[in-house]
Amino acid sequence: MILLVKKILLFISLVIFVLVAFFVIDIYKTVSGNPNTTYGHLMLRDRSWKIITDKWRSGGYALPYSGALDTDLVTNILEIEDARYYEHSGINLSAKVASIYQNISAGAVVRGGSTITEQYIKNAYYSNSSRTITQKIREAIGAITIEGQYSKDDILRKYLSTVYMGNWLYGIATVIEDHPDNDTILDIITRLKYPNISQSNREVVLAYRSRVSDRIGKKWEITHLEEKSRKPSIDIFPMITNRVDNEISSYCSGYKNTLKKWTTKIPNNICESGKISLTITIDSSLMNESMHIARWILDSLRWKNVTNAQIYITDPMSDTILAYIGNTNISEQIDMITRRRSVGSLLKPFIYLLALEKWADTEDYLLDDRTAYETNTEGKYFVPENYNPKSYGPIRLREALGNSLNSATVRLTDTLSIPVVYDFLRSVGLDLDHDVGYYGYGISLGMVELTMENIVDSYRSLIDTTDLNKWQIAQVLSDSRNRARTFGISSILNTSIPLPVKTGTSTDFRDNWTISYSRDAIIGVWVGNSDGSSMGDISGVSWAGPIWHGIAEYMIAVGYIKPQKSLPSNWLHQIAICLDTACLRRELLYSTKSESPKSRPSEWLYFRSDFFGNISTDEMKKWKIQQ
């Protein structure tokens, strides 16, 4: 029996030891990392060194203390807050006992039991935690841990830089004067105990101030003890400020490093300094011009129930952000760039790129015909139709993509197979948040919800002048002749320097997109309503297109976008494509194939060998396609 009791006690002891060990290790990891505070001073400059943000961070305004540590002010703070600071190793047991005795004797709280190190641990790592016994133990263990990592002077300076002074002000530097007098010193020490002065009992505050005055030997006169006001701020682009602020917090917490998309140089001390100064890659002039163009277009669309736009422009070579307008309706403060929206036809370039990688050619024919495809649900079929909704029959692959034909694209997906298309879309970085069965054939037509950021980042993968297939896709999307059937030969998608451009519209007309890409810039524009309401029967070229066009021409005019380099001609074959059997009419085109197709489109004479994709016997009869 005694042996059993001993085993039970030993087991309980081991469990307690393990729990305590995990508790201590967790605290050690916490205080060994970066503080979880989001307060501090944030200054952002754009790429031309213009100040666009000069304000406190989301958690409040803070300034690091850079003064000497042997001043009258610091000496008196130590006298009141932690008289034996330079003697203990993080915790002071005798001070805790003495504080209890003095508080009972005075009939009021005149002295705190926590050391300055413990107070710093609470301010920096546990600012939102409740004051419980367990929490006090955490602070004590954390204080002992951090005392082994930093010198006493470093810890004291950290404390003076992070202590709360009221009104969302952190650090004594936010309220200190150049040459503080007795009253100022007493005010600051009083705020350490009662930071929210306006919410505290005035008589209690003044009584505490009097006791502090007696203890440090400073004479004082009754003052207003008003809360200090915060420094007037500059915040030209609030959505950018908030996003960069969050990116800094994520970076310092060890999460995914996306801060590098905002700046080409991250300061080494960005996670340690309360005063952050950062030069970001945003172009203020481009931001203002883009906002002006978008608002001008949107003002003409109020009657169509169109109220919002988002604009996202990046430099693909450096993978940095040039313009970030999360919402043209500033009053809403909803960052649409981070919201998932239905992308419509924006995924089609990737599907056609996959076809080229599977040995298709831009001069091959696809069959554009309204066809019913079986789905995973018994008795239900997926029947795509074009926007017009006309069927064009045999059509070259480049025209099917340029005109954004739905029927031809779904047939192409069926030929490649949905799982292969799904895997390829994920491989280029598209964040598909469901499995392949969820999307089915809808993946061909962009019945997928993605963020603007994710789409633009994925379009970056299409930019590679050394890749023949990607170069061909770019040529198809930049040539107005390839989109003439749907958009006309002279459309808003034409710019003074031709750009690969793609539009997209969700099936219920809630989302309207236009995106272009080149080595110089990727321009993404979305138009819609943040509440998800429909805009009516409109396409991507109708509303997002004009905004995109205005921005693209501005970027061309100021030299952002330059003429694109052509692929060396030895990569392609120049072939003469006969349009009739007598070859009286011909087209001179570049193709990866050296032989001209047998089909003669002007005489409606087509051969199966010129087609890429599945075609049934009935369809061959319907469209008179010969073997």
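The values are calculated or read from the model by the stated rules, or taken from the named source; none is laboratory data. From a predicted model like this one, the values you see are computed outputs, not experimental measurements. Positions of Cβ are backbone-derived with ideal geometry, glycine not excepted, and every protein chain shown enters the neighbour counts. The area values use the complete protein model at the heavy-atom level, side chains included, leaving out ligands, DNA and RNA. Shrake-Rupley method; radii C 1.70, N 1.55, O 1.52, S 1.80 Å.
Quick notes
- Consider the stretch 209-229 and keep the residues that are open to solvent by 80 Å² or more (accessible area, probe 1.4 Å) and outside any helix (DSSP H, G or I). The one that is modelled with the highest pLDDT is Lys219.
- Residue count, the stretch 294-308 (criterion: within 22 Å of the chain's Cα centre (by Cα) and modelled with pLDDT of 90 or more): 1
- Here Thr495, Thr486, Thr507 are screened, and the one residue that is over 25 Å from the mean Cα position of the chain (by Cα), farther than 27 Å from Asp414 by Cβ and open to solvent by 10 Å² or more (accessible area, probe 1.4 Å) is Thr495.
- Of all the listed residues (Leu354, Leu367), the sole one being in contact with an Asp or Glu (Cβ under 7 Å, 6 or more places away or on another chain) and among the aliphatic types (A, V, I, L, M) is Leu367.
- Among residues of the stretch 555-573 being open to solvent by less than 70 Å² (accessible area, probe 1.4 Å) and either assigned to a loop (DSSP other than H, G, I, E, B) or at positive phi (or both), the one that is modelled with the lowest pLDDT is Pro568.
- Within the stretch 460-480, one or more residues are under 19 Å from the mean Cα position of the chain (by Cα) and open to solvent by 20 Å² or more (accessible area, probe 1.4 Å).
- Restricting the first member to the stretch 231-252 and to residues that are aromatic (Phe, Trp, Tyr), and the second to residues that are assigned to a helix (DSSP H, G or I), the beta-carbon pairs closer than 9 Å and six or more apart or on different chains are Phe237/Ser284; Phe237/Met287; Tyr251/Leu259; Tyr251/Lys260.
- Qualifying residue in the stretch 271-278 (condition: open to solvent by less than 70 Å² (accessible area, probe 1.4 Å) and of a type in the set (Lys, Arg)): no
- Strands (runs of 3 or more DSSP E) fully within the stretch 292-393 that include at least 1 residues being over 30 Å from Tyr438 (Cβ atoms), open to solvent by less than 10 Å² (accessible area, probe 1.4 Å) and β-branched (Val, Ile, Thr): 308-315, 320-325.
- Filter result for Ser127 (in a loop (DSSP other than H, G, I, E, B), polar (S, T, N, Q) and either open to solvent by 20 Å² or more (accessible area, probe 1.4 Å) or modelled with pLDDT under 70 (or both)): yes
Yes or no, residue by residue, for (1) under 19 Å from the mean Cα position of the chain (by Cα); (2) closer than 19 Å to Val456 by Cα; (3) not polar (S, T, N, Q):
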{"site": "Asp283", "(1), (2), (3)": "yes, yes, yes"}
{"site": "Asp319", "(1), (2), (3)": "yes, yes, yes"}
{"site": "Tyr324", "(1), (2), (3)": "yes, yes, yes"}
{"site": "Glu332", "(1), (2), (3)": "yes, no, yes"}
{"site": "Arg341", "(1), (2), (3)": "yes, yes, yes"}
{"site": "Leu346", "(1), (2), (3)": "no, yes, yes"}
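- A single entry from Ala576, Ala552 fulfils the requirement of being outside any loop (DSSP other than H, G, I, E, B) and either at pLDDT 90 or above or surrounded by 15 or more Cβ atoms within 10 Å (Cβ to Cβ) (or both): Ala552.
- The set of residues from the stretch 239-258 being loosely packed, with under 14 Cβ neighbours inside 10 Å and either on the phi > 0 side of the Ramachandran plot or over 12 Å from the mean Cα position of the chain (by Cα) (or both) comprises Ser253, Gly254, Tyr255.
- Scanning the stretch 398-417 for residues that are within 21 Å of Thr505 (Cα to Cα) and either in a strand (DSSP E or B) or not polar (S, T, N, Q) (or both) yields a count of 10.
- Taken together, the residues in the stretch 581-621 that are open to solvent by 80 Å² or more (accessible area, probe 1.4 Å), more than 19 Å from Leu412 (Cα to Cα), out of contact with any His (no Cβ under 9 Å at 6 or more places or on another chain) and not in a loop (DSSP other than H, G, I, E, B) amount to 4.
- Beta carbons closer than 6 Å, at least 6 apart along the sequence or on distinct chains, pair a first residue in the stretch 71-93 that is at pLDDT below 80 with a second that is open to solvent by 10 Å² or more (accessible area, probe 1.4 Å) for Ser89/Glu147; Gly90/Ile144; Gly90/Glu147; Ile91/Ala140; Asn92/Arg84.
- Among the residues of the stretch 449-460, the ones that are closer than 17 Å to Tyr422 by Cα and either among the hydrophobic types (A, V, I, L, M, F, W, C) or modelled with pLDDT under 95 (or both) come to 3 in all.
- Positions within the stretch 487-533 being under 20 Å from Ile325 (Cα atoms), in a loop (DSSP other than H, G, I, E, B) and touching a strand residue (DSSP E or B) at 6+ places or on another chain (Cβ under 7 Å), in sequence order: Arg510, Ala521, Asn529, Ser530
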